[in-house]
Amino acid sequence: MSNDDCSPALFRPRYSVEESSDAAYEEDLRQLRCVGRKTRAVRIFLLLAFLIVVGMFTRVYLFFAGIRGGRPHGDGRTSLKRNETNTVWNSWRNRLSDRTFGKAESDSHGFFNDISDEEWKKMKHETMLLIDVQDGITDRTSYLLSESGANINSNLWWADNWKVNFTCKSKVQIGGKWLCDPTRIISMSDEKSKNAKHKRRGRNKRNNPEKECLVYISGGRETDFGHHFLDYSLARMIELHSGQVGKDLLPCEIHVFTPYFQEISEPRDGLVFHNWGFRPSIKESMGFAPDGITPIAFKTLQETITELNHSGKISVLALDCEACEWDIYKDILLLEEPKPQQVLMQMHGTPYMANELFLAMQEAGYVIFHREADGEIYDYSW
């Protein structure tokens, strides 16, 4: 009898002494083990076949999801194409497990869509710990701010106060300013444009529909930043929609406010210039032109948004208004929801109410993801 023979015919009642011997019993056990091994092998084979079939269906789903979303489906050599494939995968995964993903997206008004609830909880906990530390530092160092307006050891105050309290994993510098995941700003605008396009079907379409992403820039070499951001957004959109004919490749509309009669370069699509700047609502005037006679045109942030019909659409607000930031932040926080996703401000001096600005931004839900010093000037990104 072969040792590999697992024939079930051998398993029968045994009545003779030889058939009831220990050797016969061992033979029965051997054959039972042999049958068990074959059964397990068949089960493993079926499981592997099932996993292969699931994997194939998943790849087919991702492929057609990419086509429906207007995404490229070539060899995926560019980093943005890989990111878009990951976005499709994350979206599919989120739909299968809404409880695992979604908290970060909800808390950030749709911005962070690839952070798990567990990781988001950890990030928020770390931020809250840093905020608690800052609360103690604020109490201990508030005496350094003088109500008389004079700076008292401002370097010491800045050294201890209001440091970065949130980690943005995709922080990018564009035109000298730091943004959190600007690629996500562009992809969100692209997604909103697609949704708006579907809603406009069957209606009278405008030749130039409003952009779903607006960037406001005022002060601090604003023209340079505007051009750099426009170049960046165009490059990302070309990678997203390479090969698509007739696609609008301008995801964002950039509005540059130049109150000091700066020379404006050649006009570009997507870059709009305005001959006024921003002033805090508590101030009626912000000064005169270099001739000392002509008043400089200024409007409040709310007046500007109302005039341009941009309420709730600002993605990035970049301000460098030579110390007016200590007053204008109140106007930012009074804007209608949704407020600007990211606020970039340059801080000048150390007035006695410095803590009030940071505390108000914090209370409104903004977190600091970048801080950079240039002498006595500090650039902040919320």
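The values are calculated or read from the model by the stated rules, or taken from the named source; none is laboratory data. Computed from a predicted model, the values in this text were never measured in an experiment. Because the Cβ atoms are built from the backbone with ideal geometry, glycine has one as well, and the counts that use them run over all protein chains shown. Surface accessibility is based on the protein's heavy atoms, side chains included, excluding ligands, DNA and RNA. Shrake-Rupley method; radii C 1.70, N 1.55, O 1.52, S 1.80 Å.
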Kindly establish whether residue 295 is open to solvent by less than 20 Å² (accessible area, probe 1.4 Å) and either in contact with a Ser or Thr (Cβ under 7 Å, 6 or more places away or on another chain) or modelled with pLDDT of 85 or more (or both). no
Given (1) surrounded by fewer than 20 Cβ atoms within 10 Å (Cβ to Cβ); (2) in contact (Cβ under 8 Å) with a residue 12 or more places away in the chain, residue 363 misses just (2)
Only one of (1) at pLDDT below 50; (2) in a helix (DSSP H, G or I) fails for residue 75. Which number is that? (2)
Identify the single condition in (1) without any contact (Cβ under 8 Å) to a residue 40 or more places away in the chain; (2) open to solvent by 20 Å² or more (accessible area, probe 1.4 Å); (3) in contact with a strand residue (DSSP E or B) (Cβ under 9 Å, 6 or more places away or on another chain) that residue 325 does not satisfy, given that it satisfies every other one. (2)
